[in-house]
Amino acid sequence: MPLIAESQIPTISITNRVTQFEKVFVIGLPERTDKRDALVLMASLTGIKLTWLDGVKGSDVTNKALPLGWDPTKMPENNLGSWRGHTNAIRQILSADLSSALIMEDDMDWDVHLKPQLSLFASAAKKIQTQPADNLFSQLPSPLAAPSPYGQNWDMLWLGSCATTFDEHLPPDLQIPAQERDGRKILILDDETVPSWNHIKGNLSFGWEEYPPQTRIVHVPGDNICSFAYALSASGARKALEYLGLEGQHKAFDNHLSDLCRVRANGMRCVGVVPSLFVHHRPRGRVDGDSDINVGGGNGEIREVGMTENILYSTRLNLGNLLRGFQPERQWPD
């Protein structure tokens, strides 16, 4: 399908104070105080109000609570805890009767220019929900009860992933029927917060040289990896809780989240963005402290300089500048 370029997207006032979701939930193990300290400081400096939800250890999930089809002998314990922690967050959206919420993991980073980035994304997301007229978005009911700058007919906004494959490039084991594929994309052009081609990672199915420099792509997800950050509307939370919480599980959580969007389970309506707006930060210090899911490794290795893939003006790396009132610095000079 033809690509639709957007170079003059009007600014939308987005707050929460920045995100315009009712809540921003962060999932993290209570003992990882280092991650909480960093994220609270970042959020304070960039105008985001966080609500913390304790992560879950797989050893604390009883076998009686597992959906039929989950084989705990094949699924690592840490993946079980990740699934339960995310499912608890999804359930909280419904328990608190929220119209929408952003869910993120506790090691996130984002650009210091997140507010204008979300403004551009919001306009593109609204447009993708209405073109073409006979798409899934316009066929399904259950619009958001409260007005949203991101449009009224979405279930999930996948704002943070580590790898993307577009619908038309899915491998044989993930392909869906041709008539159900959706290759719609909106290009956000001349985005000065997009790194140069050689510093963008995670595009599994295309080369960035196919697009103009400083382009961000808003699209209907084919297959994504990593559940860094995603927003759910109330209708999306209902659909997700049924598919992810009650159905049999045989994959890591992020792979099932991707399936939920890819096969449009329960009529799921998803919008993604690449490069992502939220990405896992790898801090200065012990490498084996990066992840609470993929534990082990590192062999005592020390990372001397922290980094975040795909984020040009990293909030985490600019904390010193923000605290002193200095201009943020680019992560890469080119």
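Details
- All positions within the range 194-212 that are over 21 Å from the mean Cα position of the chain (by Cα) and among the charged types (D, E, K, R): Glu209, Glu210
- Some residue of the range 88-102 being in a strand (DSSP E or B), surrounded by 15 or more Cβ atoms within 10 Å (Cβ to Cβ) and not hydroxyl-bearing (Ser, Thr, Tyr): yes
- Pick from the range 38-55, criterion in a helix (DSSP H, G or I) and free of Cβ contacts under 8 Å to residues at least 60 places away in the same chain, ranking: surrounded by the most Cβ atoms within 10 Å (Cβ to Cβ): Ala43
- Residues of the range 273-299 that are at pLDDT below 80, out of contact with any strand residue (DSSP E or B) (no Cβ under 6 Å at 6 or more places or on another chain) and assigned to a loop (DSSP other than H, G, I, E, B): Ser291, Asp292, Ile293, Asn294, Val295, Gly296, Gly297, Gly298, Asn299.
- Scanning the range 16-37 for residues that are surrounded by fewer than 17 Cβ atoms within 10 Å (Cβ to Cβ), of a type in the set (Asp, Glu) and not in a helix (DSSP H, G or I) yields one hit, Glu31.
- Residue within the range 214-231 that is basic (Lys, Arg) and farther than 30 Å from Leu312 by Cβ present: no
- Residue within the range 213-234 that is polar (S, T, N, Q), farther than 21 Å from Asn310 by Cβ and in contact (Cβ under 8 Å) with a residue 12 or more places away in the chain present: yes
- Applying the criterion of being hydrophobic (A, V, I, L, M, F, W, C) and closer than 24 Å to Asp190 by Cα to the residues of the range 205-228, the residue that is surrounded by the most Cβ atoms within 10 Å (Cβ to Cβ) is Val218.
- Cross-chain or 6+ apart pairs with Cβ under 9 Å, the range 56-83 first and closer than 18 Å to Asn255 by Cα, then in a loop (DSSP other than H, G, I, E, B) and of a type in the set (Ser, Thr, Tyr): Asn78/Ser291; Ser82/Ser227
- Single residue of the range 170-193 satisfying the filter (part of a loop (DSSP other than H, G, I, E, B) and among the β-branched types (Val, Ile, Thr)) that is surrounded by the fewest Cβ atoms within 10 Å (Cβ to Cβ): Ile176
- Of the residues making up the range 222-231, one or more are at pLDDT 95 or above, of a type in the set (Phe, Trp, Tyr) and under 14 Å from the mean Cα position of the chain (by Cα).
The values are calculated or read from the model by the stated rules, or taken from the named source; none is laboratory data. Being a predicted model, the structure only gives us computed values, none of them experimental. Methodologically, a virtual Cβ is constructed for each residue, glycine included, from the backbone with ideal geometry; neighbour enumeration extends over all protein chains shown.
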